[in-house]
1. What lysines could a cross-link reach from B:Lys141, if we take a straight Cα to Cα line under 18 Å and drop same-chain neighbours fewer than 8 places away?
2. Once the dipole of segment B:18-111 is set up with Lys and Arg at +1 and Asp and Glu at -1 on Cβ about the Cα centre, which of B:Met110, B:Leu63, B:His90 lies farthest towards its positive end?
3. If you place +1 on the Cβ of every Lys and Arg and -1 on the Cβ of every Asp and Glu, how big does the dipole about the Cα centre of chain A come out, in debye to the nearest 20?
4. Highest mean first, what order results for B:9-18, A:37-46 on Cβ atoms within 10 Å?
5. What Rg and what Dmax come out for segment A:36-120 when only alpha-carbon atoms are used, in angstroms?
6. Along Cα-to-Cβ, 7 Å out, sits the label point; list in nm, shortest first, how far the one on A:Glu103 is from those in the other copies.
7. Which GluC sites (Glu not before Pro) does segment B:51-114 hold that lie in a coil by DSSP with at most 12 other beta carbons within 10 Å?
8. Per-residue Cβ counts within 10 Å, from other chains only, averaged over A:131-143: what number is that?
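Each value in this text was obtained by applying a stated rule to the coordinates, not by laboratory testing. Computed from a predicted structure; not experimentally measured. Cβ sites come from the backbone with ideal geometry, for glycine too, and all protein chains shown count toward neighbours.
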Number of protein chains: 2
Amino acid sequence: MQRIDSQNIVLLVRKAGFKATPAILAILTILQRAKKPLTVQEVAEKLNPKRDKVTIYRILEKLKEKRIIRHVDFQHGHAHYELNSDDHHHIICTACGKIEELEECSLKNMMQQVIKKSALFMRLTSHSMEFFGVCKTCDKKMKKIVSSPNLMKVRT
Amino acid sequence: MQRIDSQNIVLLVRKAGFKATPAILAILTILQRAKKPLTVQEVAEKLNPKRDKVTIYRILEKLKEKRIIRHVDFQHGHAHYELNSDDHHHIICTACGKIEELEECSLKNMMQQVIKKSALFMRLTSHSMEFFGVCKTCDKKMKKIVSSPNLMKVRT
DNA sequence: GTATGTGCAAATCGTTTGCAAGTCA
DNA sequence: TGACTTGCAAACGATTTGCACATAC
């Protein structure tokens, strides 16, 4: 996991060609401290002072272009963003939304294979990879529902 | 690649618990003939007679629930759908949008590893995996732009 | 001082919902 | 017939755009 201390955030931002404004520094700090990819909404809630959502969208877009952060799609209908650290991916529970972070796996090998086999492409710049499943807790709940003599007892 | 002849589409649809209406049969046929994942817009354009987009959204959603088709995310801001055939994934050119289809690679091994390592999950139900890069054609164009003595000459 | 960043209002786009009418089994 | 489908209108939520003002460097 990439680490950025508060002094270096300023340098990082400037090197990317942006002004080190409070808004951009705050957003980067929030993403850095987050333990999971955040939505625009979640970033907005953590921001103090509050910022217009438009500002957040614009900052995230710029950071993404410079590859400082990356976009993650959990198929929830809205984008999630996280620091673009070393490759790691996620399993998302389709029942409760719980997210587990995965270590690198053998993705690098796979990417090399992919580009070697490709007829049209010569380099890969990014990828998206998420796994969806049902977490153990939800799995148990589901089994309970199926076998329960009284469906009304079961809460979601 | 899974094949469905026109008589069997009806059976497939009924087995999934849906009525074999012209709209659903047409949409399945379109997806079957498509060489790449289609957007709702693209399905709408190919439909004859035309159908309300709402109808297309609803049919695609139902087919997805029954795992007859799958959702593919190219980070283009709208969903793409394709028949849920054997695992294959895509490389998408971030410059021109060109799509190359990949063969299975070593994904199955990887998924087994993933679930073995996971503390919270016991089964995976689906995944998303797309690679983004710059295709050879666009790569050449970009190099031209950089080295060109007259930027105006280069078209996008 | 000037290019860049920000906030506000409004537009846009993909997608979803409610409801009445139509259709398949 | 009756449940499932469809179309239309309208709502919705995420994201984008235009423009005037503010700020970093």
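1. Reachable lysines: B:Lys98, B:Lys153.
2. Projecting each Cα onto the dipole axis, the largest value belongs to B:Leu63.
3. Using Cβ point charges on Lys, Arg, Asp and Glu, chain A gives about 240 debye.
4. The densest-packed peptide leads the list: A:37-46, B:9-18.
5. 15.6, 50
6. 3.1
7. When the GluC sites (Glu not before Pro) of segment B:51-114 are filtered for loop state and at most 12 Cβ neighbours within 10 Å, B:Glu103, B:Glu104 remain.
8. Neighbouring Cβ atoms belonging to other protein chains average 4 per residue here.
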